[in-house]
Amino acid sequence: IDMSEKLNKLLMLVLASSCGVIVSTAFSCGCNSHRSDDADKSDAAKNEDADREAEACLKLGRAHFDEGRCDEAIAACRKAIAIKPDYAEAYNGMSAAYGRLGKHIDALVALKKAVAIKPDYSKAYCNMGLTYHILGRHAESLVAYNKAIAIKPDYADPYFGKGNVYKD
């Protein structure tokens with residue numbers, strides 16, 4: 001095992017354990033969605049476990065993104081969404097990785113899912129404004145930034161984004 005692989009395994013263990021996930025040696029993204037003790041748990045406990053597992057996957061995705069591993073970030077976000085299909089934050093995280101890869105249409109698809117799930121998600125609307133701006137779709141960019149501002153008027157990023165649209 002090379003040093004990079006050791007660090008990745010350590011990161012997965014830290015992320016998984018920080019969210020209270022029971023760690024196995026077979027998990028693939030820092031979370032373990034197939035656990036044998038699920039039969040003995042209540043539905044509420046199973047939902048809490050799923051939430052923690054999805055959060056662990058999203059945290060791993062963010063770590064991959066921060067290290068420039070966008071394909072791995074997308075895979076981790078997809079795993080989080082597989083565990084928790086209504087996880088708007090995972091769609092938003094996936095959109096950032098798609099954007100960094102220059103896959104802006106894929107980023108928009110993910111952002112549209114995020115705001116469909118969570119209509120008051122100002123950060124996703126702000127990211128949508130940025131993505132539309134990058135695509136040269138300035139009118140749609142302004143609409144998205146305005147939605148972000150309407151939801152959270154004290155959020156500075158959409159104001160900055162609008163200024164950049166007007167500048168261009």
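Things to note:
- Rg/Rg_ref, region 29-167, where Rg_ref = 2.2 N^0.38 Å and atoms are Cα: 1.15
- Pairs beyond 32 Å (Cα-Cα), from K46/K118; K59/K147; K79/K167: K79/K167
- Kirkwood hydrodynamic radius of region 45-113, from the reciprocal of the average inverse Cα-Cα distance over all distinct pairs: 11.5 Å.
- Assigned charges on the beta-carbon of Lys, Arg, Asp, Glu; region 114-168 dipole about Cα centre (debye): 40 debye
- Compactness of region 127-168 as Cα Rg over 2.2 N^0.38 Å, two decimals: 0.99
- Charge dipole (debye, nearest 20) of region 50-103; +1 at Cβ of Lys and Arg, -1 at Cβ of Asp and Glu: 120 debye
Read the figures in this text as sums done on the coordinates, not as results from a lab. It should be emphasised that the depicted structure is a prediction, and the values quoted were computed from it without experimental measurement. Counting neighbours? That spans all protein chains shown, and the Cβs are built from the backbone with ideal geometry, glycine included.
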